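Have a look at the structure below, then the notes.
The values are calculated or read from the model by the stated rules, or taken from the named source; none is laboratory data. What you see is a predicted model, and the numbers here were worked out from it, not measured in a lab. Counting neighbours? That spans all protein chains shown, and the Cβs are built from the backbone with ideal geometry, glycine included. SASA here: full protein model, heavy atoms, side chains in, ligands and nucleic acids out. Shrake-Rupley method; radii C 1.70, N 1.55, O 1.52, S 1.80 Å.
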Amino acid sequence: MQTLTDRQHEIIDAAGLLLTRSGVNGLTIKNLAKEMSFTESAVYRHFQSKEEIIVTLLNYLNEKIVIECKKASQEKEVEDKLIAIFQNLFRFFKAHPHFVVVVFSDGLMEESQAINAGILRLMQSKMFYIMPIIMEGQQSGKFTKKLSAEQLIHIIMGAVRLQMFKWRLSSFEMDLEKQSKPVLDAILQLISTER
């Protein structure tokens, strides 16, 4: 786990807020310094570049996602594990909406290979925790075997990603947890053999 100083934490939070308001082009060291009432050199004491700030933000986000997924995997029933992963993530993002923007920022994936690798790690972390749950559900006969576990993950992740995108488009006004409950219920209906 990456240890951030309080100041580094403030900087990545401010970077997330700038990404939310201005997109990737608005996230510059100059704008970041202005946002924080710092000098540019003060930002450079903690990070060497904009890329390093974004990569650190992605790594921090990945660590938080892993923590939320681990909590969910403690549930007893396979359906509860799957729902808990997304409920935990929705609660986290609701408390930290600027982090969701990192994944959806236009142009972010064209910034650098290091940033692309950070985004890929986020996706892989979620899949790492969801795949065994889907496989357990299929092996126990609770989830359909008509589609592979990988196909089911793509369907689930696509539906969840759409909810996150709608939330962002609503300027985070939509009640993410409340509006996502019917979607999670529908996902369970689609993949379940018992419903």
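Quick check: anything in region 141-149 open to solvent by less than 60 Å² (accessible area, probe 1.4 Å) and either acidic (D, E) or under 29 Å from A15 (Cβ atoms) (or both)?
No, region 141-149 contains no residue that is open to solvent by less than 60 Å² (accessible area, probe 1.4 Å) and either acidic (D, E) or under 29 Å from A15 (Cβ atoms) (or both).
Assuming R168 fulfils every condition listed in (1) open to solvent by 90 Å² or more (accessible area, probe 1.4 Å); (2) assigned to a helix (DSSP H, G or I) apart from one, which condition is it?
Failed condition: (1).
For the structure I just gave you, tell me whether D80 is of a type in the set (D, E), over 30 Å from G141 (Cβ atoms) and at pLDDT 90 or above.
No, not satisfied.
Could you figure out which of (1) open to solvent by 90 Å² or more (accessible area, probe 1.4 Å); (2) at pLDDT below 90; (3) not in a helix (DSSP H, G or I) isn't true of R161?
Single failed check for R161: (3).
Looking at (1) surrounded by 14 or more Cβ atoms within 10 Å (Cβ to Cβ); (2) within 30 Å of V183 (Cα to Cα); (3) polar (S, T, N, Q), which is the only condition Q74 fails?
Failing condition for Q74: (1).
Given (1) acidic (D, E); (2) under 29 Å from I12 (Cβ atoms); (3) in contact with a helix residue (DSSP H, G or I) (Cβ under 7 Å, 6 or more places away or on another chain), identify the lone condition not met by E75.
Single failed check for E75: (2).
When only residues in region 18-44 that are under 22 Å from the mean Cα position of the chain (by Cα) and either small (G, A, S) or under 24 Å from S125 (Cα atoms) (or both) count, which is surrounded by the most Cβ atoms within 10 Å (Cβ to Cβ)?
L19
Looking only at region 144-193, count how many residues are out of contact with any helix residue (DSSP H, G or I) (no Cβ under 9 Å at 6 or more places or on another chain) and among the charged types (D, E, K, R).
Result for region 144-193: 2.
Any idea how many residues of region 92-114 are modelled with pLDDT of 85 or more and assigned to a helix (DSSP H, G or I)?
Going through region 92-114 one residue at a time, the tally reaches 7.
Take region 171-195 and flag every residue that is of a type in the set (G, A, S) and either at pLDDT 90 or above or open to solvent by 100 Å² or more (accessible area, probe 1.4 Å) (or both).
Just the residues of region 171-195 that are of a type in the set (G, A, S), to begin with: 171, 180, 186, 192.
Result: S180, A186, S192.
Which of the residues belonging to region 148-160 are out of contact with any Phe, Trp or Tyr (no Cβ under 9 Å at 6 or more places or on another chain) and free of Cβ contacts under 8 Å to residues at least 24 places away in the same chain?
Going residue by residue through region 148-160, those that are out of contact with any Phe, Trp or Tyr (no Cβ under 9 Å at 6 or more places or on another chain) are 148, 150-151, 153-155, 157-159.
S148, E150, Q151, H154, G158, listed by residue number.
Give the number of residues within region 1-17 that are touching a residue at least 40 places away in the same chain (Cβ under 8 Å) and either open to solvent by 80 Å² or more (accessible area, probe 1.4 Å) or among the hydrophobic types (A, V, I, L, M, F, W, C) (or both).
6
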